[in-house]
Amino acid sequence: MRVPSTERINQVCTPNPRSDSVISPALTYAEAHRRAAALLAEAGIETPKRDARVLLLEAAGIDHAALLRDPDARLGDDAAARLQGFIERRLKREPVSRILGRREFWGLTLRISADVLDPRGDTETLVAAAVEALRDRRNDPLRILDLGTGSGALLCACLSEFPRAFGIGIDRSEAACRVARDNLAGCGSGRGAIGCGDWGEALGEDAIGRGFDLVVANPPYIASTTIATLAPEVREFDPPGALDGGPDGLAAYRAIATGLARLCRPDGRAIIEIGHDQAESAAACFRSTGWSVAVKQDLEKQPRALLLRR
């Protein structure tokens, strides 16, 4: 992915930029979309038309149907200023979801902030795996634990699929816990709680009780020295603590594996996200503590999750 040059960013952000880099109030919706997409494409953004459309809809306060119905409507001053600001941020590689402050995940609209990992579509693989693993228990009063919950994406998605379940999300970041609580409330389940602490160590025996039927986690798994090579949308905007898995990327797996037996019921399941090249190394962390491991692939046929049972 090519990072836009400083010169190009300055052209967009300076008080007197080139006329073709300005989003004018006189532009129609269709013209504004074309101009915004051209700016993003020139900067090397991978999905310029899609990004431009989403940002235009947000700036103008319209939906896609309105854009199709009335493409010749004029932007106006307020929408043009908002769209100009959005495009400048995207040219600096800020992801669209962070510009909007929300992310669609498993059919849910979740708030995100600079304090939480931006939940990607690949992580939905864990939810699909949970539904499949517990398909005969969809209506049981399950107990679900989400370790390193971040935005609460996995917890909210699982609660939406298991209507009688109760879930707990744990994260070491107080700021992330606030976001997760907001999302849990926004999902309207009333069947969850968020706690702050370090993996399962945050839970006392009373909270663990008889154990959890399902434990899910998307822990940090990027090797420390690899973070600098990630796309700028990731390395500059996701919180480092949600990415850095230690020198070999396996630190979180070792920590989770150590305490997982204490958390799970004897017939419980755990589903843990992994990097595409970590199927064997991450699985070894759990096999060494007595877990049977299967690997779940994502839609791109890449290893994405470990399915664990005793």
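Give the residue, chosen from A284, A294, that is more than 19 Å from A129 (Cα to Cα) and small (G, A, S).
The match here is A284.
Restricting to region 42-64, give me the number of residues that are of a type in the set (S, T, N, Q) and either part of a helix (DSSP H, G or I) or buried (at least 17 other Cβ atoms within 10 Å of the Cβ) (or both).
0
Considering each of L154, L126, L142, L147 in turn, give the residue that is in contact with a Ser or Thr (Cβ under 8 Å, 6 or more places away or on another chain), hydrophobic (A, V, I, L, M, F, W, C) and under 19 Å from R265 (Cβ atoms).
On inspection, the qualifying residue turns out to be L154.
Would you be able to tell me the number of residues in region 265-310 that are crowded, with 18+ Cβ neighbours inside 10 Å, within 24 Å of the chain's Cα centre (by Cα) and in a strand (DSSP E or B)?
12
Taking the condition of being touching a strand residue (DSSP E or B) at 6+ places or on another chain (Cβ under 9 Å) and either closer than 15 Å to P163 by Cα or not in a helix (DSSP H, G or I) (or both), how many residues in region 106-131 meet it?
Total satisfying the criteria: 10.
Take the conditions at pLDDT 95 or above, in a helix (DSSP H, G or I) and charged (D, E, K, R) and apply them to R103. Does it pass?
When the stated conditions are applied, R103 does not pass them.
Between a first residue in region 60-72 that is more than 12 Å from E31 (Cα to Cα) and a second residue that is part of a helix (DSSP H, G or I), which pairs have beta carbons less than 6 Å apart while being 6 or more apart in sequence or on different chains?
A60/A79
Say we look at region 25-52 and pick out the residues that are among the acidic types (D, E) and within 24 Å of the chain's Cα centre (by Cα); which of these is nearest to A66 (Cα to Cα)?
D51
Restricting attention to region 101-143, and to residues there that are in contact with a Lys or Arg (Cβ under 6 Å, 6 or more places away or on another chain) and of a type in the set (S, T, Y), which single residue is surrounded by the most Cβ atoms within 10 Å (Cβ to Cβ)?
T125
Closer than 23 Å to A165 by Cβ, modelled with pLDDT under 95 and small (G, A, S), is that true of A202?
yes
Identify, by number, the condition in (1) surrounded by 16 or more Cβ atoms within 10 Å (Cβ to Cβ); (2) of a type in the set (G, A, S); (3) under 21 Å from R310 (Cα atoms) that A157 doesn't meet.
(3) is the only condition that A157 fails.
If you go through region 284-300, how many residues are more than 17 Å from L126 (Cβ to Cβ) and among the charged types (D, E, K, R)?
Residues that pass the stated criteria total 1.
Using the structure shown, decide if A180 is more than 30 Å from S292 (Cα to Cα), touching a strand residue (DSSP E or B) at 6+ places or on another chain (Cβ under 6 Å) and modelled with pLDDT of 95 or more.
It is true that A180 is more than 30 Å from S292 (Cα to Cα), touching a strand residue (DSSP E or B) at 6+ places or on another chain (Cβ under 6 Å) and modelled with pLDDT of 95 or more.
The values are calculated or read from the model by the stated rules, or taken from the named source; none is laboratory data. Note that this is a predicted model, so its numbers are computed, not measured. As a convention, Cβ positions derive from the backbone with ideal geometry for all residues, glycine included, and neighbour counts pool all protein chains shown.
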